[in-house]
Amino acid sequence: MIVYRQLGTSVYEQERFTRIEREEATVPTAYLDTADDRNPTIGIGFNLRTYMDVVARVFGVNPNDNTHDATTRKRDSYYLVLLRAAANRSYANNTALQAALDEVMRLRADDPFVNVANKPRTFAFSGTTDPKIRQVFDKIVERYENQVNLWLPGLIPADSNERVALVSLAYSSRVNRTTGIATLLGDRLRKAII
């Protein structure tokens, strides 16, 4: 029987972030992932084809922000479509990807109908320690927590060191389209645990 090492919630969340950040590395600008499909990515492996809405939100592009006027929300809806389209194109290199995303942000920054202060002109974090990276991570990591829950329902205690390892595996893995579970969380590993 496995004896789980329990962590407090805040310790667990920090350990999970630190481990995944260490394994993935943090890149403040957009880049093409090294995986075979070369997905446009930013931050701690944030796949822009999957998580563009979450990432765009921390850069201020949020058509659902009710603190903005209706015109700004409508314009942000348009710019989000442009960012999604940019993320779904193919690029020869990181520079071309970054330039395409930056162009959308420059258009938004120069748009007089986007009535917000401090409109960023680039699609990039300010550095590897930008707190916006953690904001995005905290939003998307729940997907991987849910994968662990589906894969081993009720067997791995929340806030345990062992769960950090499993969430990290899920985070760095492709998702099986049939099961919806990360491929690294397979039947052999499940059998070894239970």
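The values are calculated or read from the model by the stated rules, or taken from the named source; none is laboratory data. Keep in mind it's a predicted model, so treat the numbers as computed, not measured. Methodologically, a virtual Cβ is constructed for each residue, glycine included, from the backbone with ideal geometry; neighbour enumeration extends over all protein chains shown. All accessible areas refer to the heavy atoms of the entire protein, side chains included, with ligands and DNA or RNA removed. Shrake-Rupley method; radii C 1.70, N 1.55, O 1.52, S 1.80 Å.
Compared with the direct C-alpha span, the chain from residue 95 to residue 110 gains 3.2 nm at full extension, assuming 0.36 nm per residue. Subtracting the Cα-Cα distance of residue 119 and residue 142 from their residue separation scaled by 0.36 nm leaves 5.4 nm.
Extension gain, residue 85 to residue 38: 0.36 nm times the residue separation minus the Cα-Cα distance gives 15.4 nm. Based on protein heavy atoms only, the chain ends up with 54 Å² per residue of surface accessible to a 1.4 Å probe. Given the alternatives (1) 8, 33, 33, 16, 8, 3, 0; (2) 10, 38, 36, 14, 2, 0; (3) 9, 32, 31, 20, 8, 1, 0, P(r) over Cα pairs in 10 Å bins from 0, in percent as computed for this entry is given by (3).
Highest mean packing first, where packing is the average number of other Cβ atoms within 10 Å per residue, the peptides 48-56, 126-134 line up as 48-56, 126-134.
Working note: Karplus 6.51/-1.76/1.60 with θ = phi - 60° gives the range 127-135 the couplings x, 6, 10, 4, x, 5, 4, 5, 4 Hz, where Gly and Pro are set to x. Converting phi to 3J(HN,Hα) with the Karplus coefficients 6.51, -1.76 and 1.60 and the offset θ = phi - 60°, the range 8-25 yields x, 4, 5, 5, 4, 4, 5, 5, 4, 4, 4, 5, 5, 4, 5, 6, 8, 6 Hz in sequence order, with x at every glycine or proline. Taking the longest Cα principal axis of the chain as reference, the axis of helix 70-87 is set at about 60 degrees.
In this structure residue 10 has an accessible area near 90 Å², from a 1.4 Å probe over the protein heavy atoms. Each label point was placed 7 Å from the Cα along the Cα-to-Cβ direction; for residue 162 and residue 66 their separation is 4.3 nm. Under 14 Å from a point placed 7 Å out from the Cα of residue 149 along the Cα-to-Cβ direction: which residues of the range 29-73 have their backbone N that close? No residues fall inside that zone.
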